[in-house]
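Reading through the structure tokens given below for one structure.
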Amino acid sequence: MSKLSNQKLKLMYLLKILFEKTDSEHSLTVPDLINELKKYDINAERKSIYNDIDSLKSYGIDILCKKSKTYSYYVGDRTFELAELKLLADAVASSKFITERKSRDLIRKISSLASNYEALQLKRQVYVADRVKTMNEKIYCNVDRIHLAVATHRQISFKYFEYTVDKKKRYRNNGERYTASPYTLTWYDENYYLIADCEKHDRTSHFRVDKMEDIEILEIAAEQGDHINFGDHAKKVFGMFGGEEVTLEALFDNSLLGVVIDRFGEKTIIHKYDQESFMAIVRVQISPPFLGWIFQFGNKVKILSPDNVKNKLVEYCREVEGSYC
């Protein structure tokens, strides 16, 4: 690009310099800004810099001035504060469904929203290596296609796989495609799940998005999920396993009150039972993950009803005991 062309872009380069090289702890004087512009083959006079700063401020950029022996300038309010960027960067780094390569790419992009100095803090804060990460690089396309299908009220078809012990894919349903009406995406236990009405299962089902493959949007109208309260649905389902839905009554040790509220919400029906325990009444879907959730609390939980759930828990305990005998 010629020097003349660069000169026409002076205002844009000035904004770039201010965003990248200034923040509340780092500012640049007018001579500093003139020198920085020279790196882009742009010549500038002091008066033009003042005029450009006024133009940027009129546009809405929060450029502030520090006064000491001289005047220096820096960008104040940005779209994101540093603390917010740290939260976003750490969420990306910690997220299991985002691959390691994509995590690094996203963190680099998040860092570009801060000054160069603040970006260094973001890079020191996050640690991507050795985190448990998905191996499916196509998850981003999956999420995008599912969102499009939901928005356009169309069914999707896809293949669904699991990993074998040698880390190879094994397709479920004998390799045949699933057809489903997608309702919504949900986040559970660090994984993305699709909640959908599945033709094969004839009920509301859950699919790990990173284990879905070759998603196609069909020209078939999807069933609508307006009848489902997804917030309540999430409270009833454990480990995204479906099962028989029942009204459960159980005694919990008082020490588990916070656990019950965290799991089922503040509106959970709770009654004081005695000095050491309380009774909770909840709607749940009975599945192996639910039985495992109860099992982890040992004698601090006792299921009162229904009887078939009590029997399932007893059988579950015997199976666990049998595996150690």
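The values are calculated or read from the model by the stated rules, or taken from the named source; none is laboratory data. No experiment lies behind these values; they were computed from the predicted model shown. Heavy atoms of the whole protein, side chains included, go into the accessibility calculation; ligands, DNA and RNA do not. Shrake-Rupley method; radii C 1.70, N 1.55, O 1.52, S 1.80 Å.
Quick notes on this structure:
- Fully extended contour minus Cα-Cα distance, from residue 68 to residue 147, at 0.36 nm per residue: 23.1 nm
- Violating pairs (Cα-Cα greater than 18 angstrom) within the set 8/109; 86/123; 16/39; 10/39: 8/109
- Taking the chain and dividing mean pair separation by its residue count, relative contact order in percent (alpha carbons under 8 Å, at least six apart): 10
- Coordinate range of the alpha-carbon atoms in the chain per principal axis, descending: 85, 56, 42 Å.
- Estimated translational D of the stretch 266-325 in µm²/s (Stokes, Kirkwood radius over Cα pairs; 37 °C; 0.692 mPa s): 254
- Top of 209, 259, 246 by mean-square fluctuation, Gaussian network on the chain, Cα under 10 Å: 259
- Computed with a 1.4 Å probe on the full set of protein chains, the accessible area for residue 319 sits at about 110 Å².
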